[in-house]
1. Restricting attention to segment 175-206, and to residues there that are away from ligand 1 (no atom under 15 Å from the Cβ) and more than 30 Å from Gly314 (Cβ to Cβ), which single residue is surrounded by the most Cβ atoms within 10 Å (Cβ to Cβ)?
2. Only residues that are over 28 Å from Thr189 (Cβ atoms) and touching a helix residue (DSSP H, G or I) at 6+ places or on another chain (Cβ under 8 Å): list them for segment 91-124, please.
3. I'm trying to understand the selection: among the residues of segment 267-313, which are within 12 Å of ligand 2 (Cβ to nearest atom) and assigned to a loop (DSSP other than H, G, I, E, B)?
4. Within segment 16-38, count every residue that is assigned to a helix (DSSP H, G or I) and of a type in the set (Ser, Thr, Tyr).
5. Among the listed residues Gly33, Gly114, Gly76, Gly86, identify the single one that is buried (at least 16 other Cβ atoms within 10 Å of the Cβ) and at positive phi.
6. Could you please find all residues in segment 327-373 being within 17 Å of Lys214 (Cα to Cα), in contact with a Phe, Trp or Tyr (Cβ under 8 Å, 6 or more places away or on another chain) and assigned to a strand (DSSP E or B)?
7. Looking at (1) farther than 10 Å from Val6 by Cα; (2) more than 16 Å from ligand 1 (Cβ to nearest atom); (3) in a helix (DSSP H, G or I), can you tell me which one Leu54 breaks?
Amino acid sequence: MKVLVVGSGGREHAIVSSVSKSKKVDKIYCAPGNAGIAELAECVDIKAMEFDKLASFAEEKHIDLTIIGMDDPLVGGVVDVFEQKGLRVFGPRKNAAILEGSKAFSKDLMKKYGIPTAAYEVFDDADKALEYLDNAKYPIVLKADGLALGKGVLICNTKDEAVDGVKTIMKDKKFGSAGNTMVVEEFMTGREVSVLSFVDGNTIKIMSSAQDHKRAGDNDTGLNTGGMGTFSPSPFYTPEVDAFCREHIYQKTVDAMKSEGREFKGVIFFGLMLTEEGPKVLEYNARFGDPEAQVVLPRMKNDIIDVMEACVDGTLDRVDLQFEDNAAVCVVLASKGYPVSYEKGFPISGLDRFDGEKYFCFHAGTAKNDKGETVTNGGRVLGITALGEDLKTARENAYKATEWVFFDNKYMRNDIGKAIYEA
Ligand code: AMP
Ligand code: GLY
C-alpha cells in the first residue's frame, strides 16, 4: 500500500512512525512533513490547506489511503474533496469535523442529547454577552467559537476580566472570525484527561487515556501552549470513570452525530474534566491530540492501517483494539520564549540516539538548513517520548533522553508526569 499523511507536527511524526511499522505499507508520503518525518517518508512540498493539490497528488501517485492529522484541513473540508474524487481518506467530513470547528455546535449537541458538560450560553452579539456578565458567577470561561490554535479560551476570575475578554474575542477579533460567536461557560474544577477514540460512523473504540500539560511553565504556570508534555495511561482514569464515560459520553456522541445527519468517521478526542459531580466534556477535537498521539500511538498493539481502514469501511466492530500494558511519557523540547516569540535556525545534535522502539524523538518544528543540518524551526521543536513498564520508569526514561539532545535556547518543563505521584 501507499499512504499519504497530511501535516507537519509531532503528531504526524507519531502517525508516520506507526504507519511505517504496518506490514501492509511499502511507501509513505507526507505533506508537508518535517526533517524527522523525512527519515521515514518522502516529504512532498504541498501545504495542508492546498486541498486540490493534495488530492491531485494522491490520484497521480495512486495513494491507497490518505490520513489527515491536522484540524484546519478537516474543518475546512479536505475529506470531502478527496471523496469527490473517489479517493480513500481517513478523517471526518466537513459536516462532522464541525464537532471541533464550532464550540457552539458541540455545546448545543451535548445539551440536546444529554451528554454531561458545563452549563453555557452562546452569544453572537457582544452587547448581549456583556449584559449577561452582570449577573454571572465567577470565575467564568469565555471561548471563541471557532479554531484558534488552542488559545481561544479565556478563564476570567472577575467581571472586569470577563468584560475585557469579550472585547478581545468579539470586538478586537484577536482570534479572527473564530470570535464572531462566543460561548460563555461555567467554570469547572477537577483533573483533566484526554481520551482518544477511533470511530467508523457507528462503532467507537476507545484508546488508552492520556494527560496533557497545557501551560508553558512548571506547576501549571505561564501561558497556555499547544501542549508541553503528556503521559499515558492516566492513573486518574479509573475503571469507574471509564464505565461512566462509556455509558454517558462516548457512544452517545457518535449516535448524536449520526442522528444529526453528520456521521463521524475518524478520531474523536474527548477532553474530559473529572469533576466532583462526575466526568464532563470540556471539548471535542476531530483528530489525534498533539502531544497525546506521541504517547498513545507507541503503545498501540494493532496495525494502525487495519484500524484506520476499518473506520473508513465501517467495520470497526470487528477490530479488537489493544494497548501494551506499559506506560509512556513525552516531554516537549521547545524554543525559549514559546508560545510568544522565539528564535529559529539553531542546529540540533544528539538525534541519532533514539531507537524508535523504546525511545522516540518526534519532530515538531524542525527543518534542514543549507548545510543539511537539522535545525530548530518552530516553538515546539521535539517531543521526546520514552516507554517504561510503569509511569515512573517511563518518566525517568523520558527525562534521561531529553539530555541526549542539545540545541541553543532549548526549553522544557521539568514536571511532566509529576501528577502520577498523587494518584
Ligand atoms: P478547550 O480548548 O475548550 O479544551 O479549553 C482549553 C483549556 O481551558 C482546557 O483544557 C481547560 O484547562 C480550560 N477550560 C476549558 N473550559 C473550562 C471550564 N469550563 N472550566 C474550567 N476550565 C476550562
Ligand atoms: N494537546 C491538545 C490538543 O491536541 O488539542
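1. Let us first name the residues in segment 175-206 that are away from ligand 1 (no atom under 15 Å from the Cβ), namely 176-177, 180, 197-206.
Next, only the ones that are more than 30 Å from Gly314 (Cβ to Cβ) stay: 176-177, 180.
Details: Gly176: 12, Ser177: 11, Asn180: 14.
The residue in question is Asn180.
2. Within segment 91-124, the subset over 28 Å from Thr189 (Cβ atoms) is 91-98, 124.
Hits for segment 91-124 are Gly91, Pro92, Arg93, Lys94, Ala96, Ala97, Ile98.
3. Ala286, Arg287, Phe288, Gly289, Asp290, Pro291
4. To start, the set of residues in segment 16-38 that are assigned to a helix (DSSP H, G or I) comprises 16-20, 37-38.
Remaining after also requiring of a type in the set (Ser, Thr, Tyr): 17-18, 20.
Number satisfying all stated conditions: 3.
5. Details: Gly114 fails: buried (at least 16 other Cβ atoms within 10 Å of the Cβ); Gly76 fails: at positive phi; Gly86 fails: buried (at least 16 other Cβ atoms within 10 Å of the Cβ).
That would be Gly33, the only listed residue that is buried (at least 16 other Cβ atoms within 10 Å of the Cβ) and at positive phi.
6. Within segment 327-373, Val329, Cys330, Val331, Leu333, Ala334, Ser335 qualify.
7. Every listed condition holds for Leu54 apart from (1).
Here is a yes/no grid of residues against (1) modelled with pLDDT under 95; (2) more than 30 Å from Glu396 (Cβ to Cβ); (3) surrounded by fewer than 16 Cβ atoms within 10 Å (Cβ to Cβ); (4) of a type in the set (Gly, Ala, Ser):
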site	(1), (2), (3), (4)
Val254	no, yes, no, no
Ser259	no, yes, yes, yes
Glu309	no, yes, no, no
Asp313	no, yes, yes, no
Leu333	no, no, no, no
Lys344	no, yes, yes, no
Ser349	no, no, yes, yes
Phe354	no, no, no, no
His363	no, no, no, no
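The values are calculated or read from the model by the stated rules, or taken from the named source; none is laboratory data. Since we're looking at a predicted model, the values are computed, not measured. Positions of Cβ are generated from backbone atoms using ideal geometry, with glycine treated the same way; all protein chains shown enter the neighbour counts.
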